[in-house]
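Here's the structure we're looking at; comments come further down.
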C-alpha cells in the first residue's frame, strides 16, 4: 500500500531525475505521469499508483515547493474532470493508454459534445444521429454550449444510435476527432459579449468503432459518470474566507466609503454571512470526502454557489452606482478560461447568470435533491416507454 | 485551550456520534411530543425527571466542567451534540441556560464549589440576564446596597427551576443568589418549553463571585454559539418530519410530496440545513479550541441559524396543512421555540452588526 512517506520519496526521485529548473515543461509533466504521480488514485501505468485520492495533496505540496510546472488544470478542466474519469471507467485498455497521458499533460485538449438546441435539461432526448457503416459510425447533428471546442483535439460525444427504443436506451458514447473536416466549430456569443462557448455542427463525420466508450446503446449509463463528475468539479473548489465573489465587493466597500448606503450594508452583511457559510459547507464536504464518508451535501454546493454568485455580483453592480452603469468591454472574444476576477462587476453579474443553467439547471438539481436525497416521489414520466422517434418535439 | 488548527474540524467524531445516539435513545423514551404538549400548560412546564436522567444518569450537566470539579472535562463540541438532540425533541430542560450559560459564567469567575454543584446537577443555575441580550450589549443590573441586592429583572429563561441565580449588580460584580431569597414569577412566554420568569430581589443576600462583565460576555457568547446547534436540531427535525409526512399524505390521488412546487421548497430547506450544520460545527469547534476566530464563528453561525430554523418550522406548519395548525400536532412547539430562539442571545441582525465590526465592513 502506498503511503504518504512513499509518495514523498517517489516525488523526490522525480524531482532529482528531472529538475524543474532545467527540464522542459512537457518533458517534466510526461515524466510525472509515468512516475504515477499525476493522479495517484489512478491505476499504475495510467499516471497513478492506485493510492487513496486524499494523498494527492502530499505530492502536490512537494511539487509546489520545488516550483515544478503544473498541467494548467483550469485550461483542461473538461478533460481532467469529465473525459478522464469516463475513459477510466468505461474505456478499453488500449483507449486508456492512448488518451489519458496527453489528456493529463494538456497536449490534447478535450471538449464535451452533449447538449443540443433541442436537448438541454432533457439531455437524453438528444437527436444527433450515429449510423453504423462497416467498421465506422457516421455521425450527423448539432451540439451547443461547447466550451473549448475551438481548442480541442478530442471530444466526448453522445449520439442516437437506435431511434426505435425509448430515449435512454438508444444512445451510444463516442470519442470524436475534432480535427475531422466534418466538424465545424462556430463561436456562440453570450450575454457577456464574448464567446466562451461554441456551436458544433457535425456532418458525415466517420468515427471508427474503436472509439466507442462502453456498449452500443449504453451511452446514457456512461454519460452519468461524466455528469456526476461535472457537478463535483463545479461545486468542489476550496476557498479561503472572502475567496469567492464576495471578495471584490468587500474590498470595494472598504476602499470606497462614498458608495455606502444603509440598505446596501444590510444586504452586503447578509450575503457575506451566506458566502462564509457556503464556504464552510464546502470545507465540511471536503473533510467528509477525506474521511471516506461522502455525504449527499455535494449535490447542494452548485445550487448554493450559483445563487450566491448571482446575488453578490448583482449587489456589486448596484454598489458601484454610476460606474455600475458602465461595462468594461463588449468586444467579441474567445477566451480560453472563464475569468471572474480579471473583469468588472458587470461581467461577473452577466456571466454568473449561467451558473444556474450550466451543468444542470437549478430547477433540475432541486428535483434531483428532492428525489435522491429526500426520497420524494419522482416527476411523472410520460416518455419512459415511448420510442425516441415518437416523442413530442 | 488554545490549540490552533489550520482548518476547523467540522465533522462529528465517533465518540460524538455515540453520545448523540445515547441522548436520542433517552429522549425517544422520555420526551415524546404528546407529553411535552401536555406538560407545557401544567404548573411544571420543565421536565425535571428528564433533567435528572440526562444529568445524574449521563453526567451531561458537567460536560464543560473540568474533571477535578466533578465535571466531564469535555468541550463545546460534545455539548453542541447534546443540544442538537435536545432541539430535535424541543426538550423542556434547562440545559443551555444552566449547563452552558451559567456554567461559563462560573468558569470565568473561578467559582469552583458552585461549578462542582452545577456539574453534578445538585443545583440548577441561571444567569439573571434577559434571554434577548447578545454578547457585547448592555444588560440590566440590580442595585447593591448595604450588603444586599435590590431590583427587578425580566426575561430570565428557566429561572422558575433555578436553585442558583447569577446576578449582575451596579457595583460591577456578579453575585450568586440563592433562588429561595428571590421572588420568581413565571411570565407567559411565547415558547412554553423554555419559559421566562421575572426575578425580584428585595434585599436578597448575595455572594460576590467576581467581575460581572467578562463573565456575562463569555456566557452569552457561548450561549449564542451553542444555541446554533439547538437551532440545527429544530430545523433537522422539522425538515425530516415534513418530508416523512408529505410522502404519506395523499391529495389529488398522489402523495403531496410529489408536487414539484413542494419538492423544490423542501430541497431548498435541505440545503439551508446542510449549511447550518457546517456553521454550527464551526462555532462549536471554535469555542472548544479557544480559536482567535471564535467571535466571527459565533456571529456567522447566529446570523445564519435563526432565519433557517424559523423557515424550517414555518414550512413545517404550512406544508402539514390543517393538521399543522392544531395544538395537538407538535409543529407549533418547534415554531415557537424557533421564533424565540431567533431573539435569544441576540437576533440575526444584531449578530450581523457585530460581524460588521469584526470583519471591517463598516456602517455608512
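The values are calculated or read from the model by the stated rules, or taken from the named source; none is laboratory data. All values derive from a computational prediction rather than experimental measurement. Neighbour counts run over all protein chains shown; Cβ positions are idealised from the backbone, glycine included.
Quick notes on this structure:
- Residue A:289 vs. criteria out of contact with any helix residue (DSSP H, G or I) (no Cβ under 6 Å at 6 or more places or on another chain), in contact (Cβ under 8 Å) with a residue 12 or more places away in the chain, farther than 14 Å from residue A:246 by Cα and surrounded by fewer than 18 Cβ atoms within 10 Å (Cβ to Cβ): yes
Residue by residue, here is whether (1) in the same structural domain as residue B:27 (by TED's automatic domain parsing); (2) within 19 Å of residue B:45 (Cβ to Cβ); (3) buried (at least 22 other Cβ atoms within 10 Å of the Cβ) holds:
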| position | (1), (2), (3) |
| --- | --- |
| B:87 | yes, yes, yes |
| B:135 | no, no, yes |
| B:147 | no, no, no |
| B:155 | no, yes, no |
| B:162 | no, yes, yes |
| B:172 | no, no, no |
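- Qualifying position, being touching a helix residue (DSSP H, G or I) at 6+ places or on another chain (Cβ under 8 Å), in a loop (DSSP other than H, G, I, E, B), more than 14 Å from chain B (Cβ to nearest Cβ) and farther than 30 Å from residue A:165 by Cβ, among A:383, A:339, A:328: A:328
- Total residues in segment A:78-100 satisfying the condition of being assigned to a helix (DSSP H, G or I) and surrounded by fewer than 19 Cβ atoms within 10 Å (Cβ to Cβ): the figure is 6.
- Check on residue A:348, assigned to a helix (DSSP H, G or I) and surrounded by fewer than 17 Cβ atoms within 10 Å (Cβ to Cβ): no
- Members of segment A:254-269 that are part of a helix (DSSP H, G or I) and either touching a helix residue (DSSP H, G or I) at 6+ places or on another chain (Cβ under 7 Å) or at the interface with chain B (Cβ under 7 Å from one of its Cβ atoms) (or both): A:254, A:259, A:262, A:264, A:265, A:267, A:268, A:269
- Criterion (within 30 Å of residue A:328 (Cα to Cα) and either buried (at least 19 other Cβ atoms within 10 Å of the Cβ) or modelled with pLDDT of 95 or more (or both)) met by exactly one of A:214, A:243, A:219, A:235: A:235
- So residue A:199, is it in the same structural domain as residue A:351 (by TED's automatic domain parsing) and surrounded by fewer than 21 Cβ atoms within 10 Å (Cβ to Cβ): no
- Flag if residue B:243 is within 8 Å of another protein chain (Cβ to nearest Cβ) and touching a residue at least 12 places away in the same chain (Cβ under 8 Å): yes
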